[in-house]
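K.L.:
To start, I am sharing the structure in question, which I have written as structure tokens.
Quick note: the coordinates plus some simple rules give every number you see, no bench work behind them. Worth saying up front: this structure is predicted, and the values here are computed from it rather than measured. Cβ placement follows ideal geometry from the backbone for every residue including glycine, while neighbour counts extend to all protein chains displayed.
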There are 2 protein chains.
Amino acid sequence: MKLGVNLSFAIKRWIEPAALADVVAEKLGVTYVQYTWDLVDPWWPAATRDRLARAQADALRRAGCVIESTFGGLASYTYNHFLSPDEDLRRLGHEHLKRAIDMTAAMGVPAAGMPFGSYSAADALDPARREDLLKIAEEMWIDLAEYACSQGLAELLVEPVPVGTEFPTWAADAARLMTDLDGRTAIPVRLVVDWGHALYEPLFGKEADMDLWARTCGSWIRAHHIQQTDGQLDRHWSFTREGVVTPRRLRDHWDRWGLTDQTYFAEIIYPFETPDEIVLDDMIAGMTRLRAAAAA
Amino acid sequence: MKLGVNLSFAIKRWIEPAALADVVAEKLGVTYVQYTWDLVDPWWPAATRDRLARAQADALRRAGCVIESTFGGLASYTYNHFLSPDEDLRRLGHEHLKRAIDMTAAMGVPAAGMPFGSYSAADALDPARREDLLKIAEEMWIDLAEYACSQGLAELLVEPVPVGTEFPTWAADAARLMTDLDGRTAIPVRLVVDWGHALYEPLFGKEADMDLWARTCGSWIRAHHIQQTDGQLDRHWSFTREGVVTPRRLRDHWDRWGLTDQTYFAEIIYPFETPDEIVLDDMIAGMTRLRAAAAA
């Protein structure tokens, strides 16, 4: 199985380009990388932002890494973006992803992505309103795919979330979005499926099942976020912990569905208060367990 | 005791101005409010940003609320700001707070604040480097206090955090910062002390003690963040949960230290995946328990 790492574990800690590259390439021994906007905020003034992001990307590449995509993290996920109740807020969602596309292009990375958007509590309860807002959001993503194409990107990515007031949430939602966008975007829009989201039992119950996602959305799944979880919250635990996502299970899924290039990005999120040395040791131990399953 | 609420619980959920005001003033029955930048990002284009933030502030005030301050939340805390290893990043920290001051002024709110800044993993291990960066950061806050004064603000606020690689962390750090800035800022810079930060045992051990904070920094403490916690992580649980911060303990502290105006802002943070109706019911129940202790 093709292992990679999302850089969320590194935020605030290893942010100097050389330090980041050393941790990822040398300490963790990882080649495939998904860069998080939690390292450099797409909203920052463009010239400084691109200089900072490019310096990190260049250092990672010099160390042998391949940055496959850039992705929204905690800061981006704090806001509603494309499914906001207010037109100004939706336009800010458009501007946010547009700026992230600019940053991604400046970094020389071929793909960018994020969750699609969040309804307000009131809108989430109104099916007609949800549908209207979804249509508007789809048009904005079609527009942004054209923009991303013009900036040299090859792909945009959407991450389904385990939140009933957002979209897409269920595997059927994701398939509907992919079908809606199919043939209408200048570059493909594809899915990043997070195992901890898909296996969230309080919402999905018996449909907390990665095989369901593979059956329903298989051909649209471009990459995975992998995390350890107990299925009761969106944990983003390391694979040093016990949980429902064993390295063996990841490997079985890879083999059973004949995956070849749909990178498993370990997206491990530590509390800000966890000491740096514990994070580093734990990341190394978790990646070692994953690599053992990949090699088995 | 003077109870208030930080709006972190509401992000993504109750963001329409009328919905936000209804939840805070009617459902929770709260008067004193600390607005979070997780509702409106200081980095957004100024005209739209200020229109959105002002609409929420106006709706809260029409419902009878008093917004005492605006404060950095999750999105802001994702980045290192004033103690970054890189001059560009430090300047972005300056620009970030400057933009938040502009937004706060546009909202007609008299104070703004955030944690002070985060060192990189490497810098945190180098005492001389920490000291150099702290000096630079202090100069930037002195400059920003002058700017905030010119924009009509009355106060800037700093929140200590339970993270050894940031600053201020310990009560003595906070006292040192207040002493360093004393008499050098155009408007006062004061502290917001978070109970769950102060009571974080893995770092502070026997110094996980709010009386120590009151003794060391009492005259500089302008407000508190209150949260329920087990003392083992920065939980931001609701007061419907058991933990080390009972409403009775909050009341005892208020009485023992003769507090009068240092608002206890409940800063409750829910997982994004918690359903809206559970968040609302839980917030109502938690505030009811706090009010009972205030009235006792």
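K.L.:
Could you tell me what a quarter of the Cα convex hull surface of the protein assembly as shown works out to, in nm² with one decimal place?
P.N.:
Approximately 24.3 nm², given one-decimal rounding.
K.L.:
From a point 7 Å beyond the Cα of A:Q151 in the direction of its Cβ, which residues of the range A:85-113 have a backbone N at a distance under 12 Å?
P.N.:
A:94-113
K.L.:
I've got another one for you. Could you give the length gained on full extension between A:W257 and A:A46, defined as 0.36 nm per residue of separation minus the Cα-Cα distance, in nm?
P.N.:
71.8 nm
K.L.:
Continuing with this model, one more query. Any idea how far apart B:S219 and B:T246 come out in nm if each label point goes 7 Å out from Cα toward Cβ?
P.N.:
3.4
K.L.:
For chain B, what is the calculated [θ] at 222 nm in deg cm²/dmol (nearest 500), taking -39500 (n - 2.57) for each run of four or more DSSP H residues and dividing by its residue count?
P.N.:
Rounded to the nearest 500, it is -13500 deg cm²/dmol.
K.L.:
Mind jotting down the distance between the C-alpha centroids of the range A:148-213 and the range B:237-296, whole Å?
P.N.:
37
K.L.:
For the range B:121-164, list residues with backbone N below 17 Å from a point placed 7 Å from the Cα of A:D281 toward its Cβ?
P.N.:
The answer is B:164.
K.L.:
Using a ≥ b ≥ c from the Cα gyration tensor of the range B:3-295 (square roots of the eigenvalues), is it rounded, prolate or oblate, where a/c under 1.5 gives rounded and otherwise the larger of a/b and b/c decides, a/b for prolate?
P.N.:
oblate
K.L.:
If you take every DSSP beta bridge fully contained in the protein assembly as shown, what fraction is antiparallel? Give it as a percent rounded to 5.
P.N.:
Around 15 percent of the beta bridges assigned by DSSP in the protein assembly as shown are antiparallel ones.
K.L.:
Under the convention of a label 7 Å out along Cα→Cβ, give the distances in nm from A:T179 to the same position in every other copy, shortest first.
P.N.:
6.9
K.L.:
Shortest first and in nm with one decimal, please list how far the A:D211 label point sits from its counterparts in the other copies (point 7 Å along Cα→Cβ).
P.N.:
Those separations, rounded to one decimal, come out as 6.0 nm.
K.L.:
Another question, then. For B:D22, go 7 angstrom from Cα along the Cα-to-Cβ vector, then report the distances to that same point in the other copies in nm, smallest first.
P.N.:
List, nearest first: 5.5 nm.
K.L.:
I would also like to ask the following. Given a Förster distance of 22 angstrom, what is the FRET efficiency for A:E207 paired with A:V66, based on the Cβ-Cβ distance and rounded to 0.05?
P.N.:
About 0.05, to the nearest 0.05.
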